[in-house]
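The values are calculated or read from the model by the stated rules, or taken from the named source; none is laboratory data. Values in this document were obtained by computation on a predicted structure and should not be read as measured data. Please note: Cβ atoms are built from the backbone with ideal geometry, for glycine as well, and neighbour counts cover all protein chains shown.
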Number of protein chains: 2
Amino acid sequence: MNISMKSRYAVRALTELARREEIAPGKPVRLGDIAESRDIPLQFLEQVFAALRRGGVVRSRRGAAGGYALARPAAEISVLEVVAALDGVPSPAECTQGLCERVDGCGASSVWIEAQQAVEKVLGGTTIGDLLTREDALRGRAPMYHI
Amino acid sequence: MNISMKSRYAVRALTELARREEIAPGKPVRLGDIAESRDIPLQFLEQVFAALRRGGVVRSRRGAAGGYALARPAAEISVLEVVAALDGVPSPAECTQGLCERVDGCGASSVWIEAQQAVEKVLGGTTIGDLLTREDALRGRAPMYHI
DNA sequence: GCATTTCCGATAATTCCAGTCAAGAATAGG
DNA sequence: CCTATTCTTGACTGGAATTATCGGAAATGC
């Protein structure tokens, strides 16, 4: 399974969300703002965040002055979690999910499993907080201390 | 980019090809035999092997008593090479291929790049010969010494 | 020449993806 | 209560990719 636009938009949007929460803590952020500043189609982003909410990544508040907030600190939300909520756990082949009927006698499945584990390790070891820090560095700003 | 059926068929088929070459060295193997023993649609396998030939993974001989042979020893053909010939180099997101227009300021691309490198390392470090050995072990056979 | 087998291009069925549309429900503020 | 705002949900669509299938052409061994 590949990593779709949904997941990529999500990671970008969550980084922006984390940034805005840092500036104005406790205040829900409107999707419209995120969509605009990161150049993401709003209505598509709505789908994405609905899935993120169901996945326990963000909290929402409806109505006027509503919006989204991270369910946990940015440093505790891994990229793997985000991808899993939108595309499922990324695996290069179905073999890795026990769907391969010829597990016995098919030495190939082991490669796909190892590849999947490698991806999980990378994505699971990186958090939205990390990305925010990297982004600060790329933009040449003084990095804030992300809690 | 994900790893499609083409690549998975290819890896299975190449393992079978390696096995048969080991038994009868120098003799081209018919696709029909591989398709039958590994339960792969023949005409689809033809497409796959045409791409493998163009990618320099296998050699072919046409006509009666023709067939396919590995272009190099099985221990020198990496899974990555096979996948690259069929699906392109597997990357979780296009960002990793320089197509991301906002590389500056997008801290996210680094994650996808790291994930891709992790996959490449696993797939590049495993050869068809390795898979043949693993398959022997799974089948409980005495493993041959694969050159 | 004939059977065999790779080679090649066109085509079709299905599924997936990215994005849009539209109606509905909750909330804040007046 | 009323209204504007914002999330919530599901259906829908156009296009692309995937997974084949079909038919024949070219090469080779006998």
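Here are the numbers for this structure:
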read-out	value
Failed item, numbered, when B:Val83 is tested on (1) in contact with a Pro (Cβ under 9 Å, 6 or more places away or on another chain); (2) within 15 Å of DNA strand C (Cβ to nearest atom)	(2)
Qualifying residue in region B:3-12 (condition: more than 14 Å from DNA strand D (Cβ to nearest atom) and in contact with a helix residue (DSSP H, G or I) (Cβ under 6 Å, 6 or more places away or on another chain))	no
Residue among A:Ala69, A:Ala50, A:Ala64, A:Ala35 that is within 12 Å of DNA strand C (Cβ to nearest atom), closer than 13 Å to A:Thr15 by Cα and away from chain B (no Cβ under 14 Å)	A:Ala35
Residue list for region A:28-73, filter: more than 11 Å from DNA strand D (Cβ to nearest atom) and touching an Asp or Glu at 6+ places or on another chain (Cβ under 8 Å)	A:Ser37, A:Arg38, A:Gly55, A:Val57, A:Leu70
Region A:122-138 - residue that is closer than 13 Å to A:Thr15 by Cβ and of a type outside the set (A, V, I, L, M, F, W, C) and, of those, modelled with the lowest pLDDT	A:Asp136
Yes/no for B:Pro41 being away from chain A (no Cβ under 11 Å), surrounded by fewer than 22 Cβ atoms within 10 Å (Cβ to Cβ) and away from DNA strand C (no atom under 14 Å from the Cβ)	no
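Yes/no matrix, rows are residues, columns are (1) part of a helix (DSSP H, G or I); (2) modelled with pLDDT of 95 or more; (3) among the β-branched types (Val, Ile, Thr):
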site: B:Phe49; (1), (2), (3): yes, yes, no
site: B:Leu52; (1), (2), (3): yes, yes, no
site: B:Arg59; (1), (2), (3): no, yes, no
site: B:Ala64; (1), (2), (3): no, no, no
site: B:Tyr68; (1), (2), (3): no, yes, no
site: B:Pro90; (1), (2), (3): no, no, no
